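Input: a single structure, listed below in structure tokens.
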Amino acid sequence: MITALFNDIELMIMLVGALVGIASSLVGTFLVLRGTSMLSDAIGHSIVFGIVVVWLLTHQASGPLQIIGAALTGILTVFLTELLVSTQKVKKDAAIGLVFPVLFSLGVLLINLYASDVHIDAHTVLLGEIGFVWLDTLPLGGVEVPRSLLSMGAMTLLNGTFIALFYKELKLATFDEALAKALGFAPGVLFYGLLLLTSGTAVAAFDAVGAVLFVAFVIVPPSAAYLLTDSLGRMFLYGALISIASSVSGYHLAVLWDVSIGGMMAVMTGVFLALAFLAGPRYGIAAQWLQRRRQRQLNESRTLMVHLYNHEDGPEKAVENVTQALREHLRWAPARAKDVVERSRQRQLITQHGERLQLTQAGRRLAQEILEPGVSH
Amino acid sequence: MSLLALLSDYTLQNVAIGAALLGLVSGVLGSFAVLRKQSLLGDTLSHAALPGVCLGFIVGGGRHMGSILAGALITGALAALVMLLLTRMSRLKTDAALGISLSVFFAVGVVLLTYLQGGNNASQGGLDAFLFGQAAATLRSDLWIMGGISVFALALVAALWKEFKLVSFDTQFAATLGLPVAWLEALMTVMIALAVVVGLQMVGVVLMAAMIIAPAVAARQWAHRLESMVLLAAVFGIIGGVSGAMISALARGLATGPLIILSLSSVVIVSLMFAPGRGFVWEILKLKRDRRQLRYQQVLTTLYRLASHHSDPGYRLDQGMVDAYHRTNTKRALDRLMRRGLVTLTTPPSHEPGQRKQWVLTAEGYREAERILDSLGQEASA
Amino acid sequence: MSDTLHEPNLALHVEDLTVSYHGKPVLWDIDFDVPPGVMAAIVGPNGAGKSTLIKSVLGLVPSVAGHVTLFGRPYRGARRRVGYVPQRSSVDWDFPTTALDVVTMGLYGRLGWLRRPGKRERAEAMAALVMVGMEAFAGRQISQLSGGQQQRVFLARALVQKADVYFLDEPMAGVDATTERAIVDILRRLRDQGKTVIVVHHDLQTVRSYFDWMLILNVRVIAQGPVNDVYTADNLRRAYGGQIALLDDVTAPHPESPAAATSEDKSVGKSADDARNPPADSALGNIARETP
């Protein structure tokens, strides 16, 4: 039964994809919230350097040594970047874009010089191939388990544990770094830890999806989640859900159209982001537009109330409280004026007798509230 | 290979010219990106060019430089606009928007690539050239296209110079002057795609980020005005580009792209260290100089105070006493002061013990000490 | 809409202005008028919408409702007559440019597309620098200028536009005393020439000595008009709620204020809190100074 599960290639592929997504979005959530998401791109590329060095030293193209080497390279990248920033002569985004290309270049040159005939081609590293995960297996408890599944599973577990252990501290360090430092939570160390995990996740994900698609999983699902909720916990949940959904839908579409599976999974994360961007219930474009419209309508009603109230008891009543006045004095286009009057009538704030407009009791109270807020009438 | 032979080598000429063009355009356009804190635009737009390259491939029916570059330009520009859209109209920040554009567009490119090659895996060949650059494959005809794009980019910058300058410095003020800020910002963002398009062949996707950033960062260390910064960035870009090309030709088997990047990065490091006024070495020298200056003043004013205290402008001090007062060796400071004529060594009068010379203020030194104390707002006489 | 001018006699006429951000009101039904030739202050607690008011007038921030005219024209038609000095913090001063260059940028709107600033423009910029006392720093890198110097450069940039109404956003926040006096002098000279000056001011203590017109704002208009009419304990309390410790001595007629001779008695400590004795040390020092 279990063997059958592990022999189900489709399932394996989708599972690995989902795990890449979940592990990546776990760390990605903090990166996005802190505004340092491009570090994942930097790490993803500079890792080539680490891979080459580890290979040259140990002739191991994969495995735990590679993961450690990658983690260290990631830390090196971040360390050098921060060093540059600390000189105060280079801004943060420029520093990121200066360090990783240098490491990447060194890596490529090392390959040129010492490993030009080896199958560790940087290209595969950058693109990976999730469709082949079922080829590379390890025997585990009598079952052939895809190696990617093991490493991704391990990283997911590791990331999840780290975040669970330090949830409070990470949360505080993200939203109020000064306070975290004052309380002794050492936010700097925490975030280095996070970046260590990010690097480890990167190299584990390379087999499956490669460097650039890894970046997609780190940044896109958490960003989509950010557009959907304000709660940190929910961000993790939505990030995970979107990762799973992208993995499944991406796989099936890729098979349907006969294209790159990893690529399609990453594209699907983009699709979900687009959906969140457009239709998100609070921060989506549509929602914002509706909100603005509601604001404007509310404001217009209130303006009308106040206008009527102000001229209610005066001699100019006949001139002002007339629909004509709305057009001339409040300078509303006829269609808009009609709209406002209609809506106010429906809300029973005014009554209309021919051309004249009259406040109802409710309307009067509303106007009074606006003009003298807080005073009871 | 002799230098002459090297210089007349057709491929090297192509690569060198192409690298020079790339350096020029990257330096100029990158200056604005760096100043506007959109340095990583180069990274994003170069990755986003992949789908365009594939489309250009499809439309042009094979490796047709013109259509490939056109495709890269279009999807690059699109990615820039998507990034702007995300930043403007949602609560996502710039870095997330850059990363989203980068990875999703690239993913679309990977999908297209496998579609082109009819398989579930993005295999080698075309993609490698795209990722790492294929400088050696530059044709003379390619150079014409790259040259044309470079000229266009430079003309654009020249024509809109003051608008770009103001919008980069103060968008709000620019808006109040009536400048169409949104359009100008969009233009500045999209034009990075021009640089990317010129550079893809040379250095590939991954290294494009540094092409945009490095010349500008190096130039910023030396320049005081935008005009000189952009000019210097262009020069640095050209130097880095050509050096990389040359080294790559001399050492067969080493990829051109990485060598260009390392050349440029060396220029950056040198600039960070040695640029007058801003460089490290400069700062350390200045620090040392300031400290020394302070020490001289301290010693001088101490002598003055002691002299005042004893109401004797000719008050003499042993080296040892001066050292004791400052709790450190002051010989060098005193020597310096002597060279400037502010103190002098005298032999103690015969009725006093010891034959060692002693330090005493000169009249000049006395006045200088007064001046120093005065400027510090302190009492000249104790 | 007809082309006739709406309230042409007012330098600034704001009607029903409402600005909201993510559903939260930032400015609510603002009616605000400024006659020409005055030096007006806009004050209010933090978050009161002061900056937003100026930005909204200048079209930098979209509004939900309301309209604005300057000398009877909407902003778009009156741009040439308006000078703007934004907050110093709105810009990264690490930009490679000189003081003279920044001031010259104020003329870019006038030059139009494709034309470059020439000798004439540089001369005008230099004249503006002289007006703010910064001519010695014309070639200095702006990153090397102090806060007060940067503020003066910004002011010169607005002056070079030779506008009729000037908007300044917290120009005296975080500058040294000398610069503050210099800026007030320049603004006074502008007013004496008949220009209108509207300033978001951060310091309640100096409003009465510097300005002759004021608006107290806290999302809504609390009060507006001549300074001595508006600067009352009552109004300030309404705007600042509990954020002000002791008001009584603040509202005593200030010797330096332009209308000290005609201050009305009702503003002098006749409120219900009169029973309290002011402490021995300066009561003025007890006012919560609004930090920018």
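Residue-level analysis places B:Ser67 outside the set of residues that are buried (at least 24 other Cβ atoms within 10 Å of the Cβ), under 21 Å from B:Gly199 (Cβ atoms), of a type in the set (S, T, N, Q) and assigned by TED's automatic domain parsing to the domain that holds B:Leu250. Every test in (1) under 21 Å from C:Met105 (Cβ atoms); (2) among the small types (Gly, Ala, Ser); (3) surrounded by 24 or more Cβ atoms within 10 Å (Cβ to Cβ) is passed by B:Ala223 save one, and that test is (3). The residues of the stretch B:228-262 that are closer than 20 Å to B:Gly204 by Cα, surrounded by fewer than 24 Cβ atoms within 10 Å (Cβ to Cβ) and free of Cβ contacts under 8 Å to residues at least 40 places away in the same chain, listed by number, are B:Ser243, B:Ile247, B:Ala251, B:Arg252, B:Gly253, B:Leu254, B:Leu262. Would you say A:Thr36 is within 26 Å of A:Leu170 (Cα to Cα) and assigned to a loop (DSSP other than H, G, I, E, B)? Criteria met by A:Thr36.
Figure legend. Inter-residue proximity from the stretch B:312-329: first residues closer than 13 Å to B:Thr301 by Cα, second residues modelled with pLDDT of 80 or more and part of a loop (DSSP other than H, G, I, E, B), beta-carbon distance below 7 Å, spacing 6+ or different chains. Indicated pairs: B:Val322/B:Thr330.
Residues A:Phe277, A:Phe236: which one is more than 28 Å from A:Gly153 (Cα to Cα), at pLDDT 95 or above, assigned by TED's automatic domain parsing to the domain that holds A:Gly210 and of a type in the set (A, V, I, L, M, F, W, C)?
A:Phe277
Is it the case, given these coordinates, that B:Leu300 is more than 14 Å from chain A (Cβ to nearest Cβ) and surrounded by 20 or more Cβ atoms within 10 Å (Cβ to Cβ)? Judged against the criteria, B:Leu300 is a match. Answer yes or no as to whether B:Leu73 is within 14 Å of chain A (Cβ to nearest Cβ) and on the phi < 0 side of the Ramachandran plot. The answer is no for B:Leu73. Quick check: is even one residue across the stretch A:270-282 farther than 16 Å from A:Tyr238 by Cβ and either touching a strand residue (DSSP E or B) at 6+ places or on another chain (Cβ under 6 Å) or within 9 Å of chain B (Cβ to nearest Cβ) (or both)? Looking for residues that are farther than 16 Å from A:Tyr238 by Cβ and either touching a strand residue (DSSP E or B) at 6+ places or on another chain (Cβ under 6 Å) or within 9 Å of chain B (Cβ to nearest Cβ) (or both), one finds none in the stretch A:270-282, hence no. Answer with yes or no whether B:Phe130 is part of a helix (DSSP H, G or I) and at pLDDT 95 or above. When the stated conditions are applied, B:Phe130 does not pass them.
Conditions tested, residue by residue: (1) out of contact with any Gly (no Cβ under 7 Å at 6 or more places or on another chain); (2) more than 17 Å from A:Ile75 (Cα to Cα); (3) in the same structural domain as A:Gly69 (by TED's automatic domain parsing).
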residue: A:Lys171; (1), (2), (3): yes, yes, yes
residue: A:Glu177; (1), (2), (3): yes, yes, yes
residue: A:Ala180; (1), (2), (3): yes, yes, yes
residue: A:Phe191; (1), (2), (3): yes, no, yes
residue: A:Ser199; (1), (2), (3): no, no, yes
residue: A:Asp207; (1), (2), (3): no, yes, yes
residue: A:Phe214; (1), (2), (3): no, yes, yes
residue: A:Ser243; (1), (2), (3): no, yes, yes
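When A:Ser25 is tested against (1) closer than 30 Å to B:Leu259 by Cα; (2) within 21 Å of the chain's Cα centre (by Cα), only condition (1) is not met. Report yes if some residue within the stretch A:74-82 is surrounded by fewer than 19 Cβ atoms within 10 Å (Cβ to Cβ), at pLDDT 90 or above, of a type in the set (D, E, K, R) and in a helix (DSSP H, G or I); otherwise report no. Yes - at least one qualifying residue is present in the stretch A:74-82.
Return yes when B:Ala122 is surrounded by 22 or more Cβ atoms within 10 Å (Cβ to Cβ), in the same structural domain as B:Leu55 (by TED's automatic domain parsing) and either under 21 Å from B:His47 (Cβ atoms) or at pLDDT 95 or above (or both) and no when it is not. Criteria met by B:Ala122. Can you tell me which residues in the stretch A:82-101 are within 7 Å of chain B (Cβ to nearest Cβ), more than 11 Å from A:Ala42 (Cβ to Cβ) and among the hydrophobic types (A, V, I, L, M, F, W, C)? Within the stretch A:82-101, A:Val90, A:Ala94 meet the criteria.
The values are calculated or read from the model by the stated rules, or taken from the named source; none is laboratory data. Everything numeric in this text was worked out from a predicted model, so none of it was measured. In this analysis, Cβ positions are derived from the backbone assuming ideal geometry, glycine residues included, and neighbour counts consider all displayed protein chains.
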